[in-house]
Amino acid sequence: MPKTTESQKLKEKLFSKRPHAGQALTDAQWESAAAYCEGYKAFLQAGKTEREVVLCALKLAAEQGFEEYKSEKKYKPGDRVFVNNRGKALIFAVMGKAGLCEGLRLAAAHIDSPRLDLKQNPLYEDGDLALLKTHYYGGIKKYQWAAIPLALHGVIIRADGEKINVSIGEEADEPQFCVTDLLPHLAAEQSKRTLSQGIKGEELNVLVGSRPFREDGGSELVKLRILQLLSEKYGIVEEDFLGAELELVPTFPVRDIGFDRSLIGGYGQDDRICAYPSLTALFSLKKVPQKTCVLILTDKEEIGSDGNTGLQAAYFMHFIESICSAASVPVRDCIDSTECLSADVNAAFDPTWPSVMEKNNAAFLNKGVVVTKYTGSRGKADTSDASAEFTAKVLGIFRAANLLWQTGELGKVDEGGGGTVAKYLANLGMDVIDVGVPVLSMHSPFEVAAKADIWMAHRAFEAFFAV
Ligand code: MN
Ligand code: MN
């Protein structure tokens, strides 16, 4: 055996090591990760909009004994409750043994994803084709959304008050939709545009039909026939689009990626890839937790967390105020001692695009959950920066649970940047740090992540809740 040199010994003692799942996980653990991810794949396939994720999560919660929270009811340690905010955001809680003055164990993920929303007056006819006008939601590279199959999901409230749930394009016998792109033969002018202008916002028009209503003469007969079909199927008229929430999402099925099946490809992994592990971690709590454990699955993160279902809204604090008031604990005492994991994705190092990353601080696939002390941009603007004390505490929990974890800064300094819900929670006065899963092709119609990291996220939230 070769002799260990002094420098090797000292390196072993002093250098930080960020092991790779390839070496750090046993074959049995790789299998556990793959088995765990089958549940995630089903969740991702079934929940393509925030409303659908709420339904999926509530279905799982019902199996785990969660009941709708009632402010007048007295809860005891171990009780499991949920709050449903307008069918678009959820709060889950498992009541702990300790008083609320000791704070909560909180995790927060978001369940909205970038997509194409329909405009209020979407349907029109041009060139004998029927199309829908859209307004994109969240940060997308618009060119990625042309020439791919899309499905239409959402709700329409008819004038008579009837709520119509729409989902067209996911089943094999259903039609799909698409944004058309220019053929390369005629794209000389388009090709001179910058990438961000390759497909412009007003060019994200969705093809929905071509066969006209049978009548000689008259205008807009293709549009008319589409409305006739929609009227027959849903009982709607054109005006019912005005308030509808209809979202076009990619229809690529969730699939294993790679010969070795170590990765998962699918739409909307940001941030259902953190919503699912934090949810399964909370649901799998075996013992009554010491502190009350709370999970928020919030909406509107991709457009700034505004609105009554976003995390800048008061719905979360209303719940905390309600449980604190029932326990006669001042809300600020509870919030001040609350510890939170902001559960969101981070960019994984992509060997095809290395120049935007600073390798010492980038996250890599298969190196475990990413612990991100701060996000933001331009000199740490627009972020909370977790304290040294709280960072050490969270890393201590992860070390004790023998987890694979890594740090991850979102790209090189001044390369760009981004944010999460961490700052909104930190602004309330609690300790918050970002913990999540690294992904490739973030915000694209087909995001990619590693099974080992997803499983590790589940274990990380489990360890955090169980403390
Ligand atoms: Mn996100
Ligand atoms: Mn995002």
The range 318-341, residues that are open to solvent by less than 30 Å² (accessible area, probe 1.4 Å) and under 18 Å from residue 107 (Cβ atoms): 319, 320, 323, 334, 335, 338, 339, 340, 341
Suppose we filter 382, 344 for residues that are at positive phi, among the charged types (D, E, K, R) and within 16 Å of ligand 1 (Cβ to nearest atom); which single one remains? 382
Take the residues in the range 146-171 that are surrounded by 15 or more Cβ atoms within 10 Å (Cβ to Cβ) and within 15 Å of residue 199 (Cα to Cα), then tell me which one is farthest from ligand 2 (Cβ to nearest atom). 146
Mind listing just one residue for me: the one in the range 394-436 that is within 23 Å of residue 357 (Cβ to Cβ), open to solvent by 50 Å² or more (accessible area, probe 1.4 Å) and part of a loop (DSSP other than H, G, I, E, B) and, of those, nearest to ligand 2 (Cβ to nearest atom)? 410
State the number of residues belonging to the range 104-145 that are open to solvent by 40 Å² or more (accessible area, probe 1.4 Å) and hydroxyl-bearing (Ser, Thr, Tyr). 3
Considering each residue of the range 100-140, count those that are in contact with a helix residue (DSSP H, G or I) (Cβ under 9 Å, 6 or more places away or on another chain), assigned to a strand (DSSP E or B) and within 16 Å of ligand 2 (Cβ to nearest atom), and give that number. 7
Would the range 330-342 turn up any residue that is part of a helix (DSSP H, G or I), within 16 Å of ligand 2 (Cβ to nearest atom), assigned by TED's automatic domain parsing to the domain that holds residue 447 and over 25 Å from residue 71 (Cα atoms)? no
For residue 460, state whether it is at pLDDT 95 or above, more than 14 Å from residue 405 (Cα to Cα), assigned to a helix (DSSP H, G or I) and away from ligand 1 (no atom under 16 Å from the Cβ). no
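Would you check if residue 253 is more than 16 Å from ligand 2 (Cβ to nearest atom), assigned to a loop (DSSP other than H, G, I, E, B) and surrounded by 20 or more Cβ atoms within 10 Å (Cβ to Cβ)?
Judged against the criteria, residue 253 is not a match.
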Which pairs have Cβ atoms under 7 Å, sit 6 or more apart or on different chains, and link a residue in the range 273-300 that is over 23 Å from residue 245 (Cβ atoms) and open to solvent by 20 Å² or more (accessible area, probe 1.4 Å) to one that is β-branched (Val, Ile, Thr) and in a strand (DSSP E or B)? 285/94
Please specify each residue of the range 301-317 satisfying the condition of being open to solvent by less than 10 Å² (accessible area, probe 1.4 Å) and more than 16 Å from ligand 1 (Cβ to nearest atom). 316
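The values are calculated or read from the model by the stated rules, or taken from the named source; none is laboratory data. Please read these numbers as outputs of a predicted model, since none were measured by experiment. Positions of Cβ are backbone-derived with ideal geometry, glycine not excepted, and every protein chain shown enters the neighbour counts. Keep in mind that these areas ignore ligands, DNA and RNA; they rest on the heavy atoms of the full protein, side chains included. Shrake-Rupley method; radii C 1.70, N 1.55, O 1.52, S 1.80 Å.
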